[in-house]
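In what follows, a single structure is set out as structure tokens and then discussed.
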Amino acid sequence: MNVVITKIVTFFTSLITMLTAIFCPPPAVVPEFPETTERIQTAFNEGEFVMGRNDLVVSPDGDDSNPGTVDSPLKTFERAKELIKSNTSDESITVWFREGTYFIENTVEFTAEDRGNVLYRSYPDEEVVFSGSKEISGNWSETEINGVNAFVTDVPVESDDDYFRSLFKDGERLSRSNYPKTGLLKVSGEPLADESIAGSHAPEFFTFALAFYADKNDVIDFENPADVDVRIMHFWRDDLLPVHSVNTETGRIQVTKPSAMRIRVDDNYIFENVKETLSLPGEWYLDRSEEKLYYIPQDGDTVENTVLYAGVNEQLLTLNGAENVSFQGINFENTDWNHVDGTHTGKAFPVSHPLYDTIKYGADHPQAAFEVPAAIYISSSSDINFTDCRFENISYTAVKFDKASENCNVTSCMFNEIGANAVFIHGDFVVPATTKNINITDCHINKYGRIFNNAIGILLTHAIDCNLSNNEIHDGWYTGISVGWNWGYSANSTNNIKICDNLIYDIGNGWLSDMGAIYTLGIQPDTVISGNVIYNVGCDEGRYGYGGWGIYLDEGSSGMLVEKNLVYDCSSQTFHQHYGKDNVVRNNIFAFGGEGAFRISKNEEHNSLTLTNNIFVTDNATMYALTTDPDWFVDDSNAYWDYKRGGNVYSGDSMNISERKSMVIMSLRGYYNNAVFADPLFKDPENRDFTLALNSPALECGFEPWDYSCAGTKTLF
């Protein structure tokens, strides 16, 4: 009986509140705006040159027979490392690199046998580059290809080791030629039974395929089909597959690497590295059969002045069992890539399969570019630090901290044009985790996932006690920060992760689905998501497109605090929890979700989360999307406003009359407790200025303003 009385009282209270919001809106006022702290950015201070007793100096103009002094510097990184290894002093050592480019043809390896307490750094105010490329210049001649002017030069390709997939000019990655030149193609037919094999888990998603069918009008007779790649977009994965053969009569495309996900009719795809479409300035093609490199010149290019750099090294550094090794002010640039030979699923096809002998690469993990190698790989190492470094035109993941690494830092670094993940923190799946205290702070991550599109800005799988804060992350095809790697409620080795004060924007760009600017998985006690500013997160809302969320707590995400985040302009909801337990979501601003403000996808018997003191604003979209049944979560003291409908807000599947739920219905179901339905009086919401007026009605629900201008990097890059 008490429950019935409570619901009746709630009904009339909500009715009065609703009518007041509709017919008695707050008075027009000239709001006063609180002063906000100006975001202070400073250039990194490189310090001064002070030559220590054990220090060494390296210069491109040096000689490895020199002693490594200022006047007689060494020439190579490798020689400096050899000399340090034989130094028995306990004092710290700095290796000073003078300005110039150091070409690293073979991976430089650090092990437990290498001396610690060493800093490799640039001479102050000088630009130092560690490059994984080689120069290609001179011997160009003019020619014509596909009806356009081109440069051509001989490039020996005696083996696969001589074949490269990356070419750079003036610090920019040059484009391979694609087909089609604009737009996307659509898969016309799925693989036949003898061209695919179902995975052991969720075959509706994970079916490995070695062929698919295109509209025969969409394929061309490639001169060198074995050098062509096909990129197929699935939900949250792009498969980059080398072509085996193309049948122009039937449209059958066979590949030499199994797809990681099921290929479906209408999946988007394109061909890459196509000689027949080489035509735009800056495009290039390496014809291994002719042993010739073709390049379409850009403005100002001549056969005399054109200098290109071909990627020849995929991995610059490895540190395995190393201790106390640091890098400062170094630019790591221009590495190459190859197709990932996946080990997660292996070849997937049994030896008896009729297409088994055509497989060159195993199918790899279907999520987050998980198996893509790293240009800088750290494993079982401690106190490895990168400060004021640049990672640019890296074709794989830039930096990976692997199992049992601890107390490492990436600070005030710039990542630009990264092929896969900018930073990957990984560890063995053990509890407690042995990978710990890895901190990625004050870094600018721009244009990640440029080759392996489903990559992450910062990916953390199995680790504890890590800080991912004050980073600026943007222009990726997929999720900005991803934390956790355990689906469901079983024991998780990830906890106590701080994801704070990051600026994340322009994520997704309509390419992939099922993503968020910040994404989590599994039980993560003491993980905090706070102070982040997130905007412009979007997916392709086509046949298979879904899920461009701001903050996305995926399967089993539990025990987390989400507070003081500003999230706006997402193609789906600004906040989404698939399912989880005992999360607290408080004091956030969630604004202008394309499909609504808030969503929980799965109803469970326990409380999913507590939602309190938040501001939700929409523009003719639902507040609670697909979450209109009772007992999914607890809400209390939140503010709601729809700029088109005023205080008359709706929840439900959509704003269609048949699917939306009124305030009264939602109140009877136990929601909108102690709610405020009023314009929160943001300074300029149309132009996305969410500065709150001092007399904002949202303050009545206990909302506490914070200075969201502090999100992002502290260093000016």
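Some observations on this one:
- Listed by position, the strands (runs of 3 or more DSSP E) contained in region 116-180 that have at least 2 residues being over 20 Å from Glu392 (Cβ atoms) and touching a residue at least 60 places away in the same chain (Cβ under 8 Å) are 118-122, 141-145, 148-154.
- Just one residue in the set Asn648, Asn674 is modelled with pLDDT under 95 and not in a strand (DSSP E or B); that residue is Asn648.
- Boolean, Asp428 is charged (D, E, K, R), in contact (Cβ under 8 Å) with a residue 12 or more places away in the chain, surrounded by fewer than 21 Cβ atoms within 10 Å (Cβ to Cβ) and not in a loop (DSSP other than H, G, I, E, B): no
- Residue match in region 248-264 (condition: charged (D, E, K, R), within 18 Å of Asn453 (Cα to Cα), touching a His at 6+ places or on another chain (Cβ under 7 Å) and modelled with pLDDT of 90 or more): yes
- Those strands (runs of 3 or more DSSP E) of region 465-518 in which at least 2 residues are surrounded by fewer than 24 Cβ atoms within 10 Å (Cβ to Cβ), considering only elements entirely within it, cover 472-476, 495-500, 503-507.
- Considered as a group, the residues in region 683-695 that are under 25 Å from Ala625 (Cβ atoms) and in contact (Cβ under 8 Å) with a residue 60 or more places away in the chain include one that is nearest to the chain's Cα centre (by Cα), and that residue is Arg688.
- Condition check for Gly449: modelled with pLDDT of 95 or more, more than 28 Å from Gly329 (Cα to Cα) and surrounded by 24 or more Cβ atoms within 10 Å (Cβ to Cβ): no
- Within this structure, Gly138 passes the test of being on the phi > 0 side of the Ramachandran plot and not hydroxyl-bearing (Ser, Thr, Tyr).
Per-residue answers, yes or no, for (1) of a type outside the set (Asp, Glu); (2) closer than 16 Å to Cys443 by Cβ; (3) in the same structural domain as Asp707 (by TED's automatic domain parsing):
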| position | (1), (2), (3) |
| --- | --- |
| Ile456 | yes, yes, no |
| Gly476 | yes, yes, no |
| Trp487 | yes, no, no |
| Ser493 | yes, no, no |
| Asp514 | no, no, yes |
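- Wholly enclosed strands (runs of 3 or more DSSP E) of region 578-630 bearing at least 1 residues free of Cβ contacts under 8 Å to residues at least 40 places away in the same chain and under 24 Å from Ile523 (Cα atoms): 583-586, 598-600, 609-612
- Of residues in region 543-577 being assigned to a loop (DSSP other than H, G, I, E, B), of a type in the set (D, E, K, R) and under 22 Å from the mean Cα position of the chain (by Cα), the one farthest from Asn502 (Cα to Cα): Glu555
- For region 130-155, the set of residues classified as more than 15 Å from Lys169 (Cβ to Cβ), of a type in the set (Gly, Ala, Ser) and surrounded by 13 or more Cβ atoms within 10 Å (Cβ to Cβ) consists of Gly132 only.
- Residue count for region 363-411, restricted to those that are in a loop (DSSP other than H, G, I, E, B), crowded, with 24+ Cβ neighbours inside 10 Å and polar (S, T, N, Q): 3.
The values are calculated or read from the model by the stated rules, or taken from the named source; none is laboratory data. Remember, it's a predicted structure, so these values are computed and weren't measured experimentally. Cβ atoms come from the backbone with ideal geometry, glycine included; neighbour counts cover every protein chain shown.
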